[in-house]
């Protein structure tokens, strides 16, 4: 082919290609402009017109988001359950010995107070929460199986079916799991009337005050409660104290309420942080074995988060005639001690008993099973004259220790801990 002709053909082809591309580009730009105009016009047209026209959604492609009926309504089962549980009542029932303790609790398992609840025990009758504290106690029941129901209460959802319950024939020395619902703080009670365990030199007036004895290779310790108030445990440790037995709680001498010592948590945390070995004691005013198991259960509940190097002690002593347990017999008191100590031991803890020499000799039967537990003797002499075995000796109620203002009980341990 002639070179001029070939050059002309190539130029013609390039021209046609450029022309084709230009036509395509023009078409796209024209279509795009029309689309934008169409959408804008569509939005303008639909602003004042219904969303639906002839059963169809208009040109606004996002309009479905504004339609509450477009999607299926989704429910949250957890939220639905919470809404259903609101103001729902349940019953927590405990039997220790021929009795029932019925607690009416809310969705958080807390007793509901301020309401006059009624329960029906089939074959026995109807019982009312007289003091409106959310607890109904029924005593002197024949052992066996019963049906228990809660009467309807306005504003609450109550169980629709009766609950099967069993009344025990005899107390079992095991921890009561729901004991925390019975525990109170001093803000809930008259502490002056209830706490008769104030430190006094000699409750039974038979001991003779003595001086600090030589304790040799034994271990020096103290026992404390709210009466010592604020304690600087680092100073206590630096003053030669190796162990502390801390009051965790007490039973009220008047009403019999179970009360937490207001300084217990502060004391046990402070002592352990300072490197002092700890045990605890509970001041009893139990008048029967059932109450003793309650007291042991409370002590177990309070110490469950702590490692104890020393036992859980049962503090049985006189309260100057002010205590509800002051007049019980030797046999009753011995059985009460056994109930407390067995419950502690069955829970896997070391158990011990605290009393004065006079109390051990005249108020308890130590010849029975009590001598198998750790004995903590209170006798304020330079040398004890108590003839029985003992493992810890409280030799003074007037000790002086750096970090504690005022008097503190002083103890010597022969446990080798």
(message) Among (1) in contact (Cβ under 8 Å) with a residue 24 or more places away in the chain; (2) farther than 20 Å from residue 89 by Cα, there is one condition residue 145 misses while meeting the rest; what is its number?
(response) (1)
(message) Restricting to segment 100-110, name every residue that is in contact with a strand residue (DSSP E or B) (Cβ under 6 Å, 6 or more places away or on another chain) and surrounded by fewer than 18 Cβ atoms within 10 Å (Cβ to Cβ).
(response) 107
(request) Out of the residues in segment 356-391 that are under 14 Å from residue 333 (Cα atoms) and part of a loop (DSSP other than H, G, I, E, B), state the one that is modelled with the lowest pLDDT. (result) 368
(request) Please specify each residue of segment 278-313 satisfying the condition of being within 15 Å of residue 244 (Cα to Cα) and either outside the structural domain of residue 236 (by TED's automatic domain parsing) or not in a loop (DSSP other than H, G, I, E, B) (or both). (result) 278, 279, 280, 281, 282, 303, 312, 313
(request) Give 161, 169 a once-over and let me know the one that is free of Cβ contacts under 8 Å to residues at least 24 places away in the same chain, in a loop (DSSP other than H, G, I, E, B) and surrounded by fewer than 13 Cβ atoms within 10 Å (Cβ to Cβ). (result) 161
(message) Could you check segment 366-394 and list, in sequence order, the residues that are out of contact with any strand residue (DSSP E or B) (no Cβ under 6 Å at 6 or more places or on another chain) and in contact (Cβ under 8 Å) with a residue 60 or more places away in the chain?
(response) 379, 381, 382, 383
(message) I need the full set of residues from segment 116-151 which are surrounded by 13 or more Cβ atoms within 10 Å (Cβ to Cβ) and out of contact with any strand residue (DSSP E or B) (no Cβ under 8 Å at 6 or more places or on another chain), in order please.
(response) 132
(request) Would you check if residue 91 is more than 26 Å from residue 287 (Cβ to Cβ) and under 26 Å from the mean Cα position of the chain (by Cα)? (result) yes
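The values are calculated or read from the model by the stated rules, or taken from the named source; none is laboratory data. Just so it is clear, the structure is predicted and the values come from calculations on it, not from any experiment. Counting neighbours? That spans all protein chains shown, and the Cβs are built from the backbone with ideal geometry, glycine included.
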